[in-house]
1. Expressed as an acute angle from 0 to 90° and rounded to the nearest 10, what is the orientation of the C-alpha long axis of helix 99-112 relative to the principal long axis of the chain?
2. Suppose every Lys and Arg Cβ carries +1 and every Asp and Glu Cβ carries -1, with no other charges. What dipole size does the chain come out with about its Cα centre, to the nearest 20 debye?
3. Pop a pseudo-label 7 angstrom from the Cα along the beta-carbon direction at both N49 and N5 and give the gap in nm to one decimal.
4. Compute the length gained on full extension between T111 and A92: take 0.36 nm times their separation in residues and subtract their Cα-Cα distance, giving the result in nm to one decimal.
5. Amide H neighbours of K91 under 5 Å, at least 5 residues apart or on other chains, H built in the peptide plane: list them.
6. Once the Cα atoms of helix 35-49 and of the chain are each reduced to a long axis, what angle between those two axes, in degrees from 0 to 90 to the nearest 10, is obtained?
7. Only bridges with both residues in the chain count here: give the DSSP antiparallel percent, nearest 5.
8. What nm distance separates the two modelled labels at V31 and T145, each placed 7 Å from Cα along Cα→Cβ?
Amino acid sequence: MQELNLPHYPIAIKTDHSKTLILDIIRKKYVILTPEEWVRQHFVHFLINEKKVPATLIAIEQSLRLNRLEKRSDIVVYDNKLIPLLVVECKAPEINISQKAFDQIARYNMTINARYLIVTNGLQHFACYMDHEKQAYTFLPDIPTYNELKKP
């Protein structure tokens, strides 16, 4: 798999019946290794190890209903009261991050209602703060720590 613009983590990978699998440490199971999953698992490790997000407050591929469609968010980070703080949309490294990715995460956030959004392809990471009252967002210079995410 491609080298990412994230720290290196010891991620467990195995082969089962000619399929390559990667350990999802949140769901505690092996899942099929795709380029997007490679990014997602590295970003989860990054959130836990670098941004000090408690693993118990991270959800992976959480179902949500958007109009009549069933969708899944890649990563959602919660506070201790299970209020969503952050939504992360992961793309494969070869996918350029475009307005389409931001539109997708914004649609998901209409249901989730988090204050922070991140779009990443493992090479580039874009974080923004959502001001729901003003219906505006501000791009951030860095990805916030868990303590920064919790601030009102």
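Read-outs throughout are calculated quantities, based only on the coordinates presented, and are distinct from any laboratory measurement. Worth saying up front: this structure is predicted, and the values here are computed from it rather than measured. FYI the Cβ positions are ideal-geometry reconstructions off the backbone, even for glycines, and counts take in every protein chain you see.
1. 70
2. Numbers: 20 positive and 17 negative charges, 98 e Å.
Here the chain has a charge dipole of around 480 debye.
3. Inter-label distance under the simple model: 1.9 nm.
4. Values: separation 19, 0.36 × 19 = 6.84 nm, distance 2.39 nm.
Extending this stretch completely gives an extra 4.4 nm.
5. The list, which skips near neighbours in sequence, is T120, N121, G122.
6. Taking Cα atoms only, the helix is inclined about 70 degrees.
7. Working: 29 of 34 bridges.
Of the beta bridges lying entirely in the chain, close to 85 percent run antiparallel.
8. It is 2.8 nm.
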